[in-house]
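Here's the structure we're looking at; comments come further down.
The values are calculated or read from the model by the stated rules, or taken from the named source; none is laboratory data. Predicted model only: the values in this text are computed from it and were never measured. Positions of Cβ are generated from backbone atoms using ideal geometry, with glycine treated the same way; all protein chains shown enter the neighbour counts.
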Amino acid sequence: MKNIIKVLTITFLGSVFAQPVMAQKKKDKDLFEVQVDGLGCPFCAYGLEKKIKEFKGIKNIKIDMESGDFSFTSPSDKELSLEEVENKVDKAGYTAISSKVTRADGSVQIGESVAVSDKVDRNRVVKTTIFVEGTCKMCRARISKAARRIEGIVEADWDEKSKIMSFSYDKSLCSKDDVEKAVVAMGHDTRNISADDEVYENLPACCLYERIKREK
């Protein structure tokens, strides 16, 4: 009888002390939530998931293609940043509209949205357009965001039918060439510049447009 009581006591104490440890393990995860523009099909979701898994320890991946909501957990000791996650989403060929991480300690961080620089002088703002290759709404989000990230840009939007991007900018802070180089860096050719083949080939399949051969 004494042996039975002893076993039960050890089992009980073991379970009591194990609970905090198990709870701690559950809390040692950072939860990332990102709204992604351009997720239109299972292929898109697979491409994004494959890219984000390049970070070690990623688990609990959830993707809602209809809403663009994307979430996953990462080990807190990896100290993964929102900037790293947004860059990875960009490299997968998509655009992070908003992002948030809830750390294991309960703290919350919100990703910085693309805002107009406070250095912009409206008296120096001019408006122009450039032709940019692309195919779909996913391209629109990628191209427009690439332009809006440049300091001095006031607004920018690309039209998938005409393939024309209209934008306004403070001419003392940036130039038309800066904008053109930014969209090309994302894999989209313009009339004057071609994107690197490797960058173009890494775009999602639905974003691959017919390229014009240029003389080198």
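So here's what we get for this one:
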read-out: Residues within the range 85-117 that are of a type outside the set (S, T, N, Q) and loosely packed, with under 13 Cβ neighbours inside 10 Å, tallied; value: 6
read-out: Qualifying residue in the range 187-199 (condition: among the hydroxyl-bearing types (Ser, Thr, Tyr), in contact (Cβ under 8 Å) with a residue 60 or more places away in the chain, surrounded by 15 or more Cβ atoms within 10 Å (Cβ to Cβ) and closer than 12 Å to ILE130 by Cβ); value: yes
read-out: Every pair of residues 6+ apart whose Cβ atoms lie under 8 Å, when the first sits in the range 47-69 and is assigned to a loop (DSSP other than H, G, I, E, B) while the second is modelled with pLDDT of 95 or more and small (Gly, Ala, Ser); value: PHE55/SER74; GLY57/SER74; ILE58/SER74
read-out: Residue ID - nearest to the chain's Cα centre (by Cα), chosen from residues in the range 88-136 that are assigned to a helix (DSSP H, G or I) and under 24 Å from ASP159 (Cα atoms); value: VAL89
read-out: Residues of the range 134-147 satisfying the condition of being within 19 Å of ALA205 (Cβ to Cβ) and at pLDDT below 90; value: CYS136, LYS137, MET138, CYS139, ARG140, ALA141, ARG142
read-out: Options SER175, SER99, SER162: the member that is among the hydroxyl-bearing types (Ser, Thr, Tyr) and in the same structural domain as LEU39 (by TED's automatic domain parsing); value: SER99
read-out: Search result, residues across the range 137-156 that are over 12 Å from VAL183 (Cα atoms) and either within 21 Å of the chain's Cα centre (by Cα) or not hydrophobic (A, V, I, L, M, F, W, C) (or both); value: LYS137, MET138, GLU151, GLY152, ILE153, GLU155
read-out: Qualifying residues in the range 105-130 (those that are hydrophobic (A, V, I, L, M, F, W, C) and modelled with pLDDT under 90) - the one nearest to VAL85 (Cα to Cα); value: ILE110
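Table: residues versus (1) in contact with a strand residue (DSSP E or B) (Cβ under 7 Å, 6 or more places away or on another chain); (2) at pLDDT below 90; (3) assigned by TED's automatic domain parsing to the domain that holds PHE55.
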{"site": "LYS78", "(1), (2), (3)": "no, no, yes"}
{"site": "ALA92", "(1), (2), (3)": "no, yes, yes"}
{"site": "THR95", "(1), (2), (3)": "yes, yes, yes"}
{"site": "ARG103", "(1), (2), (3)": "yes, no, yes"}
{"site": "VAL132", "(1), (2), (3)": "yes, no, no"}
{"site": "ARG149", "(1), (2), (3)": "no, yes, no"}
